[in-house]
Amino acid sequence: MGKSKGKNRRGGGVQVQADGSRAMHSRPTSLEVLSTWTGDSAPSLLVTADAERLVVNAPEGWQRLCVEQGVKVAKVSTLCLTDLSPDATGGLPGYQLTAYDAGLRRMRLCGPRGLAAFQRSTRHFMNRDDLAVDVT
């Protein structure tokens, strides 16, 4: 009973290359720097894997950054925040309103302790009853 080339014990994932080396199957992934520290912006990153888009931090002016970089706001359904400072969250409410207006009805927020309370604090002006926000 020999081992099957190109398979691991879980039924896939490892591929044997022509030179005998092994490589994991992977999805096409890219990382784009949307902004860095400047006079009017804080760092923000866009991670794309297949059709899924994830943003790290949404500083003030984040929607403008998306327009400048050609990022469609409604296609970003996950935001990861490094902290709750304005440098990370300043553009979050505006993003949520714009994404909602563009048709997004479910989004996920990942971040530090207190993020759920921060999200609840925006309920007075967000007022989008059918926008589902999962906070982890």
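Each peptide among 43-49, 67-73 gets the average number of other Cβ atoms lying within 10 Å of its residues, and from highest to lowest they stand as 43-49, 67-73. Each of the peptides 119-129, 96-106 was scored by the mean count of other Cβ atoms within 10 Å over its residues; in descending order, highest first, they stand as 96-106, 119-129. Coupling constants for the stretch 82-89 follow from the phi torsions by the Karplus curve (6.51 cos²θ - 1.76 cosθ + 1.60, θ = phi - 60°), and in residue order they are 7, 7, 9, 6, x, 5, 9, 10 Hz; glycine and proline get x.
Computed 3J(HN,Hα) for the stretch 101-106, one whole-Hz value per residue from the Karplus formula 6.51 cos²θ - 1.76 cosθ + 1.60 where θ = phi - 60°, is 4, 8, x, 6, 10, 9, glycine and proline marked x.
Values quoted throughout were computed directly from the atomic coordinates according to the rules given, and no laboratory measurement underlies them. No experiment lies behind these values; they were computed from the predicted model shown. Because the Cβ atoms are built from the backbone with ideal geometry, glycine has one as well, and the counts that use them run over all protein chains shown.
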